[in-house]
Every structure is written in structure tokens, then in C-alpha cells.
Amino acid sequence: MNKKILGAAVAAAMVMPGMATAGSQADLEKSLRILESQISALKVQMAEMKEVQSAAGGNGFVGPENVAWGGAAEFEYAEGGALDAAKLELEAIIQTTDEVSGYVKLKATSVAGSSTLAIDEMAVTYDAGIAAISATTGGHPFGDFSSNMISDPFTKTIGDTGGTAKVLVDVPVGENVTLLGSADDDISSIAATVSIGDLALTIGHISDVEVDATKSANHIAASYSIGGLSLIAEKVDSDGSADATNVELAYAFTVAGHDAGVAIGRQERKVTNVEDWNMVSATVNIIEGLDLTVEHKDSNNNANDTWLGQLSYGF
């Protein structure tokens, strides 16, 4: 993606101080037309790849027909429209046989002028039917961390242990229950998810949340949707002081033929001198795969209220 094009889109569209002029609006429309043509060309190439994958089927050989590709590009903007961070993720799932698959995620980030490029996660999974066993460098199955906001919820700040080499076991129990367990050299965790229609409930335990002096923690998350309305609620409760809660209500709708949505949220953290936040966000799909999101965060002491913007493209 051209960062100048994306920067122009956010600067013109974000509802914050410094709104776009008529001239910048015309530049935005021209830039978006160019971007749309580039994305259309990419979509054609991806469709051709998917046709090859579908026609080939599995044959035990790791070739292009056995690899599914995906990824996302995100550009985050601080108040005033300045580029704050950029992230690109590329994912590949390699189906070597009916039972064995591999996964790799490559991540490139640029924050405050500092750039990194690394393999973010790798996994090899054997699906035995009654259970799937993975050797993975991904995070523990603790915490959901779902959000309609740009900024990460406090629950992720506390509960995300990051990637380390571990063994993970995924066990389906009937049609509605899934059990997950994992262990590495230092930490073990277990989680259970129950899904009934549009309602999902997850509970979990981890032996150590590293941000809180080797304290264990429990986790509960729930989500429910009806029509365009959706609710998510999550709480991380540790044996120490690293407790956090995030609750969000969202509504999805269509405006002028474009998918859109608004959300409000509240997050709290039980740590001295840490602010609580009230949040509101709005998202609109500009073209297929490309979303613009604007978020406003209002702190309980009004000291660090801020606007954020994000352009994201998934493929």
C-alpha cells in the first residue's frame, strides 16, 4: 500500500481537529480511485490462486496448490493525522496431508521510525480426530481480547503472554464445547469455550501472568449478537493486582451501500494511578477489504483524551 495515499485518506476522513478542505476531498477521491484499481488487480491474482488450490486437492506434496495465503496491512494515525504506526502481516497455512498442517506468520512493523521484520508465529499441527496436537510458538490460549476499538484492551495488556515454544492440545467435546490446554517450560494454561447459537462463553486459567510478579490468573469472556447488535465482555482476574475488565456494545449497519458500524466501550484496570477509559469508535468499509476506523478515548481524569485513526486492508 502507498502510505501517502492512506495518509491522505485518514487526514481527510477522520472526525477530529483539522477537518478536510474541499481541495483535500478531491485529492482523497482521486487517491481512493487509484487505490481501488490496485486492490482490484490484487483480488484478480488472489482469485486465480484460489482456483488453483481448489482444483488441485491434497496430494501430500507441499506445493502452491497446498498453501493458503492471507494477511493484513494496518496503518494507525494519531490525533492530527500523523502516521503513528504501520503493520503488515502475511500468513500461510500449508496442508501437507489430511492430518498434518503447518502455519507461519510473518510480521513487519514500523513504530516511531523504528522498523522490525520477524517470523511472529510458527506451528505444526497433527489432527487425530479426537484431538489436535500442535507444536507452536504462538501465545497461550488465555484471553479473548476481542475489541471494536483500535487500541488494545487492558485485558490484552495483562493477559497476552506473547509467543514461546509450547505444546497445545485442542479437544472438541460434542458440538458446542472446545477444550484447549498448553504448556511450555514456565507456564501452563487451560481454557474451555461453549458456543450455543450466537452466544459464546469462554473461561480459562493460566499459571502465570508475567506482568504481575508470577501470579496466576483466571479469565472469563462472553459474546452475544442479535441482528446488528453485538456485545462483548471480558475480565481477567489475577491473584495479584493485575485485574482488568473490558465491555463493548456495537451496532452494524449499511450506509450508501457500504458496511459500517459504531461501538461504545468501557475498560478498567485495578492498578494504582492507571486510568479507566470510556471509548467510542466508528468504522466504514470504503471498498472490499479496506476499512477506515476512528476511535475516541476519554480518560476518567480527562488528562489523556485522544483520537486515533486506522486504515486496515485484509486479503
Highest mean packing first, using Cβ neighbours within 10 angstrom, the peptides 134-144, 164-174 sort as 134-144, 164-174
Run a plain Debye calculation on region 245-315 (Cα atoms as equal point scatterers, no solvent) and give log10 I(q)/I(0) at q = 0.20 Å⁻¹, rounded to two decimals, same order as the q list. -0.86
How high is the FRET efficiency between residue 69 and residue 304 when r is their beta carbon distance and R₀ equals 30 Å, given to the nearest 0.05? 0.15
I need 235, 105 ordered by Cβ neighbour count within 10 Å, fewest first. 235, 105
Taking the Cβ of residue 165 as the center, what net charge do the other residues with Cβ under 12 Å away carry, scoring Lys and Arg +1 and Asp and Glu -1? -3
Rounded to whole Hz and in sequence order, give me ³J(HN,Hα) for region 225-235 from the Karplus expression 6.51 cos²θ - 1.76 cosθ + 1.60, θ = phi - 60°, writing x for Gly and Pro. 9, 8, x, x, 8, 9, 10, 10, 9, 8, 9
Stretchable slack from residue 133 to residue 254, in nm (0.36 nm times residue separation minus alpha-carbon distance): 39.4 nm
Within the set of other residues whose C-beta is less than 10 Å from the C-beta of residue 189, count the net charge using Lys and Arg as +1 and Asp and Glu as -1. -1
Within region 215-241: backbone nitrogen closer than 19 Å to the residue 199 label point (7 Å, Cα to C-beta): 220-235
Kindly write out, for region 283-294 in residue order, the coupling ³J(HN,Hα) from the Karplus curve 6.51 cos²θ - 1.76 cosθ + 1.60 (θ = phi - 60°), rounded to whole Hz, with x marking Gly and Pro. 10, 9, 7, 6, 9, 4, x, 10, 10, 10, 10, 10
Taking K and R as +1 and D and E as -1, what net charge do the other residues with C-beta under 12 Å from the C-beta of residue 78 add up to? -3
Let a ≥ b ≥ c be the square roots of the eigenvalues of the Cα gyration tensor of region 113-186; is it rounded (a/c under 1.5), or, if not, prolate (a/b larger than b/c) or oblate? oblate
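Every read-out reported here was derived from the displayed coordinates using simple, explicitly stated rules and does not represent laboratory data. Note that this is a predicted model, so its numbers are computed, not measured. Neighbour counts are summed over all protein chains in view; Cβ atoms, including those assigned to glycine, are modelled from backbone coordinates with ideal geometry.
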